[in-house]
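After the structure tokens below, expect a handful of questions from me.
Since every read-out is calculated from the coordinates, none of them should be taken as a lab result. If you're wondering where the values come from, they're calculated on a predicted model, not measured in any experiment. Because the Cβ atoms are built from the backbone with ideal geometry, glycine has one as well, and the counts that use them run over all protein chains shown.
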Amino acid sequence: MQNIDFSELCLHGKAYSGLTAEDEALLLVEGPRLIPHLQAVTDQFYHDLQQIPAAAPFLEGRLDALKTTHKAWLEKVVTGPYDAEFAAHMHKVGDVHVKVKLPVEFMASGIGFINRHLIPILAELYAGDTAKLARMIRAVSAATGFCLIIMQESYQSSLLAEELDHFLAISGISRTLFNNLAAAYKGVRPVAKTA
Ligand code: HEM
């Protein structure tokens, strides 16, 4: 069972994606304007994925269901709030992809496709105000980047958990002993090596 501090993870995601308080405030106000366009973004996203042969086994027989969950996710991405609850949700979404064994490169690729289709919509909506258009492109890219960082964290945690299982299996150390050692070791300075 993973013990994750989602407030910490949320801060980490914001720091690494560059999602600022100014971006968040802008999206809270402007995000709802994008909602009527998100069905089209979702359809284009799955159209792009269908051009990649390796994606086919993950899409077969579940395209309609995926489109529904995906559109609901996109609404959250453009409207926020970008809080610990959202970070927990994104971590769970990442876990779902880990469980279906979706290769990790699809995460970055998927976010790239989404940005690719969101940006022309922004260009249309804010054609008369280039300063706001620039701020919106920055904010939307940071929000999708925030999701990517957190979903990648799910892959990373699962990899570490797998490595630990492997280590315990080959060393014969029980999980309880390992946990006790890890707890005792926390805060202990490594002993300096002598020549
Ligand atoms: C990178 C952006 C992506 C986002 C944000 C995303 C979002 C989601 C969400 C919200 C769910 C539902 C999670 C839940 O049940 O709680 C989901 C499930 C899933 N997604 Fe994605 N997805 C992405 C990329 C992809 C790609 C590229 C593929 C396939 C090539 C894919 C295949 C799947 C599959 C197979 C499931 C599980 C469906 C099931 O439970 O039957 N996803 N995704």
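Tell me, what ³J(HN,Hα) does each residue in the range 160-171 have, in order and in whole Hz, if you take phi through Karplus 6.51 cos²θ - 1.76 cosθ + 1.60 with θ = phi - 60° and put x for Gly and Pro?
The phi angles translate into 5, 4, 5, 5, 5, 4, 5, 4, 5, 5, 7, 8 Hz.
Compute the Cα gyration tensor for the range 6-87, then decide on rounded, prolate or oblate, letting a ≥ b ≥ c be the square roots of its eigenvalues: rounded whenever a/c is under 1.5, prolate when a/b is larger than b/c in the other cases, and oblate in all that remain.
Taking the square roots of the gyration eigenvalues as a ≥ b ≥ c, the range 6-87 is prolate.
While we're on this one: About the Cα centre of the range 85-168, what is the dipole size in debye to 20, counting +1 per Lys and Arg Cβ and -1 per Asp and Glu Cβ, all else neutral?
380
If you put +1 on each Lys and Arg Cβ and -1 on each Asp and Glu Cβ, how big is the dipole of the range 6-152 around its Cα centre, in Debye rounded to 20?
180
Can you work out ³J(HN,Hα) from phi for every residue in the range 129-144, in order, using Karplus 6.51 cos²θ - 1.76 cosθ + 1.60 and θ = phi - 60°, giving whole Hz and x for Gly and Pro?
Working through the residues one at a time gives 9, 5, 5, 5, 4, 4, 5, 5, 4, 4, 5, 5, 5, 5, 5, 6 Hz.
Determine which aspartates and glutamates satisfy two conditions relative to residue 99: a Cα distance under 19 Å, and not lying fewer than 8 residues away in the same chain.
60, 153, 162, 163, 165
Using only the Cα atoms of the chain, construct the convex hull and provide its projected area averaged over every direction, in square nanometres to one decimal.
The directionally averaged projection comes out at 15.7 nm².
Please quote Rg/Rh for the range 10-58 to two decimal places, taking the Kirkwood radius as Rh and restricting both calculations to Cα atoms.
Taking Rh as the inverse mean 1/r over Cα pairs, Rg/Rh reads 1.16.
Loop only per DSSP, at most 11 neighbouring Cβ atoms within 10 Å: give me the trypsin sites (Lys or Arg not before Pro) in the range 3-73, ordered by residue number.
62
Next question. Among the listed pairs 101/186; 67/92; 92/132, give every one whose C-alpha distance is greater than 27 Å.
Where the Cα-Cα span goes over 27 Å, the pairs concerned are 101/186; 92/132.
Run the numbers on the chain and let me know its relative contact order in percent, using alpha-carbon pairs under 8 Å that are six or more apart.
33
Under 1.5 on a/c is rounded, so check that first for the range 75-127, then, if it is not, pick prolate when a/b is larger than b/c and oblate when it is not; a ≥ b ≥ c are the square roots of the alpha carbon gyration tensor eigenvalues.
Oblate shape, in that a/c is at least 1.5 and b/c is the bigger or equal ratio.
Among 178-184, 75-81, how do they line up from the highest to the lowest mean number of other beta-carbon atoms within 10 Å?
75-81, 178-184
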